[in-house]
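Heads up, the thing below is written out as structure tokens.
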Amino acid sequence: MNKTWQIRSLQAAIMVLVGASLAGMAQAEEKAAAAAEHSKPIVLPGKQAASAAAESSSKTIVLPGKLAASMAAARAKPKEPETLQPEVKQSAAPQIKTPLGPSPEVHAPGMAAHEAKRRAKPHRAKAKALPHKPEESSHDEHGHGSEVQQVRAAVTTILHDNTDYMAHHNAAYFKTFADKQTPRATVVTCSDSRVQSEVMDKSAVNDLFMVRDIGNQLATAEGSVEYGVRHLHTPLLIFVGHAACGAIKAASSDYSKLEPAIRKELATINIPQGIDPTDGALLNINNQVESAILKFSGEVEAGHLAILGAFYDFRNDLRQGAGKLVITNLNGETDPAAIRALMKQGQFFKYSFMR
């Protein structure tokens, strides 16, 4: 009886020892697994990661247990948002004005300070008006007064003469051409202020289709000339040059320093350098007539257009009287005697070589 009990007690003790041993082995395995989880190899970024992966088979970097656990906890912890340092201040968000609101004023640089200074100044009483200062009485090279005097005088003259013109022409006079122009001649003159229509026509209104440019040229006013010839059907085209022409003087000398637009117009005046101004003006007239003949040959040959050249001689350079309008070219004819004969015979629609 006693032996049996002793055997059973021995067996129970053995079973307790075996169970404790198994429990200890299980705990040891769990610890080993945890240690293995935290001791995985470190993978570096970019090219270093590839190099580390290549070496992982031969060498594995194992972190100590506490460091591995700390890094794992850091990975699991959510990242807190960064905050600005106390000394860094954020500006408030700008307020956006509605499109219908007033637009900001535009000031030149420095105007804001100037405006603030102006507003800060105390209000002052208006200064007493100074006595009227008479306009300068100095005259320019043309005998005119100051620019203000010139403008005032010119406007006064224009308005006075227009009033006088109205007084001498009633409504019936204007009614004859109110709706349509019917000129008899297209006249190309120089822009020179000394050349005006009244030197050749006392009543140029609705009689002369006037075209003006420097050097009385066809090239620089071709559209206007063509309109007069082919749309208004004027039977006469006349180019009027004149004495002491500034365009002729410029075209026959060095004009490279003049403005581009002026140089462009002078370039089409085909005369020799250094030519006498009167001879240059006469040559230019012949050139303009020749150009017009080439352009309007059909009208001339059909007997619908006469092309003349004339020289307005207010200096009496041709010794035929100051202010005389001298016909110098008729459809290419430049001989004075031949021109007089053709005009006397009424032969206005023939070229010089057709006689």
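With R₀ fixed at 25 Å, the C-beta to C-beta distance from Glu147 to Tyr227 puts the FRET efficiency at about 0.10.
Restricting the count to DSSP beta bridges whose residues both fall in segment 180-354, what percent are antiparallel, rounded to a multiple of 5? The answer is about 30 percent antiparallel. What residue among Leu330, Met343, Ile307 has its Cα farthest toward the positive end of the dipole of segment 180-354, where the charges are +1 on Lys, Arg and -1 on Asp, Glu, each on the Cβ? Checking the options against the dipole of segment 180-354, the answer is Met343.
Protection proxy ranking, highest mean first, for peptides 301-310, 338-347: 301-310, 338-347, where packing is the per-residue count of other beta-carbon atoms within 10 Å, averaged.
Applying a threshold of 31 Å to the alpha-carbon distances of Lys202/Lys257; Lys295/Lys344; Lys249/Lys350; Lys180/Lys249; Lys264/Lys344 flags Lys202/Lys257; Lys249/Lys350; Lys180/Lys249; Lys264/Lys344 as lying beyond it.
The alpha-carbon positions of segment 180-354 define a convex hull whose volume is 121 Å³ per residue.
Values quoted throughout were computed directly from the atomic coordinates according to the rules given, and no laboratory measurement underlies them. As the structure is a prediction and not an experimental result, all values here were calculated from the model. Counting neighbours? That spans all protein chains shown, and the Cβs are built from the backbone with ideal geometry, glycine included.
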